[in-house]
Amino acid sequence: MDIESQYEYPAGVALSKFLEGLRNGKIIASRCEKCFSKHVPPRAYCLDCFKPINEYIEVDPVAEVQTYTRSRLLAVGETGEEIVWVFVRFVDTLGGLLHMLDTATTPRIGLKVKPVFREKRVGSIHDIKCFTAAD
Amino acid sequence: MTYFRSMLPMTSEEMVFEAVRKCLDDAGLDAGDVDAVVCGSAPDAFDGYHHKGLVAVEPSGAFAKPFSRVFVGGGTGVGVTISGWWHIASGLFDKVLVVAWEKMSHPYPHAQPLFRSIFEPILEQPLGPNLIWIFALEMRRYMERHRLDKELIARVAVKNKANAMDHPYAQLGAKITVDDVLKSPVLVWPVHRLDISPTSDGAVALLFASEHEAKKITDTPVWVDGVGACLDSQYWTNRDLSYPYYVYLAAQQAYKMAGITNPLKEIDVFEPYDPFTYKELHHLDALLGKPGLAPQLLKEGQLERDGDHPTSPSGGLLGVGNPIAAAGLMKVAELYWQLSGRAGKRQVPNAYVGVAQAWGDLMQVGQVVVCRA
């Protein structure tokens, strides 16, 4: 049995703000009006206070590597080249992003990194080419 | 239970029937004696049947009875156990059949790409994530926190595959060495091939009965003494990857019900969920409530079947196999065999209290059951 089906997912209110930010070369967080916690990627409601969020702010684009891996595997098949995948959390925020680390940077938990934006940006996670050492 | 195999030449329906028939035969019952059925199986995409719980209706004898399907990802095997217990504990049912199965060999060429849809669609799926990445990230974080090396973690595979050699239904029982694990291909660093359980087909069934009915069925009943279930955030980026706090909370619920205050001293058999080598340690840490204790116990040889704290005496998912929902229920079945003194060559001496745990979805489900002889 073969079934081909395409799915289209809306980014939604909060992630649309984030994607718009990426297109402008900025990192956007949501901020809870009650507990003031900031979340990247932004959320439409506070996971702790269970209140809606209406405030979106730009944050310093410096993140810390929480953990990392090296892989040639993608969802289907191999890429041929080894890629370092990092899970980074922006300073003073909750949440985090999965992304690539540039080949010149040696991965380390605790390393401060920043996003490298592409010149041509369309409002996608791929607007970030990769992360690189912040210093 | 059925054999756990990579490509079992049976349909899902046939596997369910085989496991159920063996369970009923063992209990000296027939399908007509069962009041209700709880079934469990992982995502429909694996079987390729929409609403696939329905394939279990006839082969579990559930026709014209209360029938439900429980689904909490990889945690389903213990999730169905908890649901079976709810049925009996409600007082509405005396005999409830619980069956879990998985047929991972249907998707071609491999089940792996189906896991892609587990990731968040806007920011993660466009990166082409492979399911193993997330475990590699978690494993690396766990290793960093407790300063663990691969050599130690590899001993989980050595132990569990050796234990599985005594399990009559096991898929991957083997005598291997730490070196074999370290020299097996790196799939996603630091995860090697032998750190991972296989994809499998298989089914497991257990009968739950009220106290007065259980005593009529067997002289060696095993009692469900405590259950616990807990979910962490849907967003894996919000969690502490080095410690599954949700498993800890689920265990604490079960221990409170069972009157257990010191799990290390009071529990004789541990069956934590071990789809990956490090996961056995990660989960055991949470079952013991002490981050970093499990690797220490492993190092001292205390997790061996003849050690002070036998862990995965069945052979676990690494050795017996990982037909997702059935794998969790296999762990509960192992508690039944161990605590009733029927585990044969795998028997742990003086086994009176055991804990089984399963875990799943996007690394966020904690399901725990405590049983007592």
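The values are calculated or read from the model by the stated rules, or taken from the named source; none is laboratory data. Keep in mind the model is a prediction, meaning the values are calculated, not measured. We place every Cβ from the backbone using ideal geometry, glycine too, and count neighbours over all the protein chains shown. Just so you know, the surface numbers come from the protein's heavy atoms only, side chains and all, with ligands and any DNA or RNA stripped out. Shrake-Rupley method; radii C 1.70, N 1.55, O 1.52, S 1.80 Å.
Figures for the structure shown
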| item | result |
| --- | --- |
| DSSP loop chymotrypsin sites (Phe, Trp or Tyr not before Pro) with at most 14 other Cβ within 10 Å excluded, longest remaining stretch of chain A | A:51-135 |
| Hits among lysines - C-alpha to C-alpha of B:K183 under 22 Å, sequence gap 8 or more where chains match | B:K150, B:K159, B:K161, B:K175, B:K279, B:K299 |
| For A:T93, solvent-accessible area (1.4 Å; no DNA, RNA or ligand), Å² | 10 Å² |
| Surface/4 estimate of mean projected area, convex hull on alpha-carbon atoms of the protein assembly as shown, nm² | 24.1 nm² |
| A:Y9 - accessible surface, heavy atoms, 1.4 Å probe, Å² rounded to 10 | 110 Å² |
| Compactness of the range B:144-217 - radius of gyration and Dmax, Cα, Å | 18.0, 54 |
| Taking the C-alpha atoms of chain B, convex hull volume expressed per residue in Å³ | 125 Å³ |
| Alpha-carbon gyration tensor eigenvalues x 5, square-rooted, for the range A:12-133, Å | 27, 16, 13 |
| Residue of B:V96, B:V78, B:V204 that the Gaussian network model of chain B assigns the largest fluctuation, springs spanning Cα pairs under 10 Å | B:V96 |
| Under 16 Å from the Cα of B:K256 - lysines, other chains or at least 8 residues apart | B:K265 |
| Highest-MSF residue in chain A out of A:A63, A:A44, A:A104 [GNM, Cα springs under 10 Å] | A:A104 |
| Total lysine pairs under 17 Å (Cα atoms) in the range A:12-133, excluding pairs fewer than 8 apart on one chain | 11 |
| Exposed trypsin sites (Lys or Arg not before Pro) absent - longest run of chain B, DSSP non-H/G/I/E/B, at most 10 other C-beta within 10 Å | B:176-373 |
| Dipole of chain A, positive end: most advanced residue of A:L98, A:S5, A:L22 [Cβ charges, Cα centre] | A:L22 |
| Helix-only [θ]222 nm of the protein assembly as shown, DSSP H runs n ≥ 4, -39500 (n - 2.57) each, per residue, nearest 500 | -8500 deg cm²/dmol |
| Residues B:Q234 and A:E55, FRET efficiency given R0 of 25 Å [Cβ-Cβ distance, rounded to 0.05] | 0.70 |
| Linear extension gain, B:H212 paired with B:L54, 0.36 nm per residue minus alpha-carbon span | 53.8 nm |
| Summed buried accessible surface, chains A and B, 1.4 Å probe, nearest 100 Å² | 2900 Å² |
| Residue-normalised accessible area of the protein assembly as shown, expressed per residue, 1.4 Å probe, Å² | 42 Å² |
| Cα→Cβ-extended label distance, 7 Å offset, between B:D306 and B:D30, nm | 4.7 nm |
| Among A:P107, A:S124, A:Q66 the positive-end extreme of the charge dipole of the range A:12-133 (Cβ point charges) | A:S124 |
| Among A:P52, A:P42, A:P107: highest mean-square fluctuation, GNM of chain A, C-alpha pairs under 10 Å | A:P52 |
| Protein-only accessible surface order, largest first, of B:D149, B:D274 at 1.4 Å | B:D149, B:D274 |
| Computed E for B:E14/B:S68 - FRET, C-beta separation, R0 22 angstrom, nearest 0.05 | 0.50 |
| Extension gain from B:R147 to B:H110, taking 0.36 nm per residue of separation minus the Cα-Cα distance | 9.9 nm |
| Residues in the range A:23-63 reached by a label modelled at A:Y9 [backbone nitrogen below 20 Å; 7 Å Cα→Cβ] | A:23, A:28-30, A:39-47 |
